[in-house]
Every structure is written in C-alpha cells, then in structure tokens.
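The values are calculated or read from the model by the stated rules, or taken from the named source; none is laboratory data. The model shown is predicted, which means the values in this text are computed figures rather than measured ones. Glycine gets a Cβ as well: all are built from the backbone with ideal geometry, and neighbour counts include every protein chain shown. To get the accessible areas, we keep the full protein, side chains included, count just its heavy atoms, and leave off ligands, DNA and RNA. Shrake-Rupley method; radii C 1.70, N 1.55, O 1.52, S 1.80 Å.
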Amino acid sequence: MSPDSGPCHDPIDTTSEPPAYPWRCAPDGLATRRQLRAAGLRPGGQPVVAQLERPRRRRGPLVAYLYRIDLAKPVRPMTPARWAALAKANAAQRVCPNCRTDAGYRIPTSIGMCVTCAYPEEQCAA
C-alpha cells in the first residue's frame with residue numbers, strides 16, 4: 001500500500017469486522033447505498049459486508065459501507081398515499097409561522113419565517 005493512501009486496513013485481515021478496502025478498490029459484486037439506489041435497488045435488511053475507507057489528513061477516514069448486489073431488493077414504489085404525505089410535508093414547510101401565508105418557497109430554518117416577516121424594513125424601502 002502506498003504511503004499516500006493512508007492507514008486503511010488490509011482486507012485480508014480477519015480480525016477486523018467487516019473487512020475494509022482502500023477507496024475505489026472495492027471488489028465486484030459489492031455496492032454502496034447510493035450505487036444500489038441508482039440501480040433501482042435497496043439493501044433490503046442485509047448486513048454490511050465490507051467497507052471502503054478514504055483517508056483524510058487531520059481526521060479519521062471517511063467510511064462507505066458496502067452491500068451485496070445479489071441480495072439487494074428492488075426499491076418499493078411510491079404509493080398514492082406516500083405521494084400525498086410527501087406533498088403535505090412540503091406544503092407545511094412553505095407556510096410562514098408568523099403571518100400564516102404560503103411564501104411560495106421553502107421557509108429557511110435559519111430565520112424561521114418568510115423573508116417579508118424577517119426583514120420588514122427592507123420590504124418597505126423597495
């Protein structure tokens with residue numbers, strides 16, 4: 001292993017659970033959650049088989065968990081009830097808690113209200 005690849009574990013070492021591979025060196029047949037999702041799959045309750053470790057300079061390594069592709073299950077389709085619940089949750093984030101109007105955009109959590117309520121003096125000048 002080259003010195004610039006950092007302190008990643010040897011995948012042959014049987015003492016570490018699960019085995020760790022250097023970044024971009026995963027064996028065939030394993031994928032991360034995002035890779036499974038891009039293929040229309042989900043882990044489906046299977047345990048983590050291995051992990052990828054990407055070294056960083058001043059902190060611990062970044063870790064990505066790997067799952068077996070052959071044990072992955074297809075993603076569950078969105079039902080009309082789930083679409084309705086998602087639309088209701090998104091609509092609730094658009095209503096200003098101060099003036100109770102639909103802002104037309106998602107209210108930022110940093111200010112907690114619509115821009116008109118947060119900065120009324122700037123709205124009067126415009």
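Given the conditions (1) outside any loop (DSSP other than H, G, I, E, B); (2) surrounded by 12 or more Cβ atoms within 10 Å (Cβ to Cβ); (3) not β-branched (Val, Ile, Thr), which single one is not true for Met113?
Unmet condition: (1).
If Arg82 meets every condition in (1) open to solvent by 90 Å² or more (accessible area, probe 1.4 Å); (2) farther than 23 Å from Arg34 by Cα apart from one, which number is that one?
(2)
Does the stretch 88-101 include one or more residues that are within 30 Å of Gly29 (Cβ to Cβ) and either without any contact (Cβ under 8 Å) to a residue 40 or more places away in the chain or not polar (S, T, N, Q) (or both)?
No, that holds for no residue.
What are the pairs, 6+ residues apart or on separate chains, where a residue within the stretch 19-37 that is more than 22 Å from Arg76 (Cα to Cα) and free of Cβ contacts under 8 Å to residues at least 60 places away in the same chain has its Cβ under 7 Å from a residue that is open to solvent by less than 100 Å² (accessible area, probe 1.4 Å) and part of a loop (DSSP other than H, G, I, E, B)?
Pro19/Pro11; Ala20/Cys8; Ala20/His9; Ala20/Pro11; Tyr21/Pro11; Pro22/Cys8
Within the stretch 27-48, is even one residue hydrophobic (A, V, I, L, M, F, W, C), part of a loop (DSSP other than H, G, I, E, B), open to solvent by less than 70 Å² (accessible area, probe 1.4 Å) and within 30 Å of Pro108 (Cα to Cα)?
No: zero hits.
Does the stretch 108-124 include one or more residues that are in contact with a Lys or Arg (Cβ under 6 Å, 6 or more places away or on another chain) and not hydrophobic (A, V, I, L, M, F, W, C)?
No, there is no match, as no residue in the stretch 108-124 is in contact with a Lys or Arg (Cβ under 6 Å, 6 or more places away or on another chain) and not hydrophobic (A, V, I, L, M, F, W, C).
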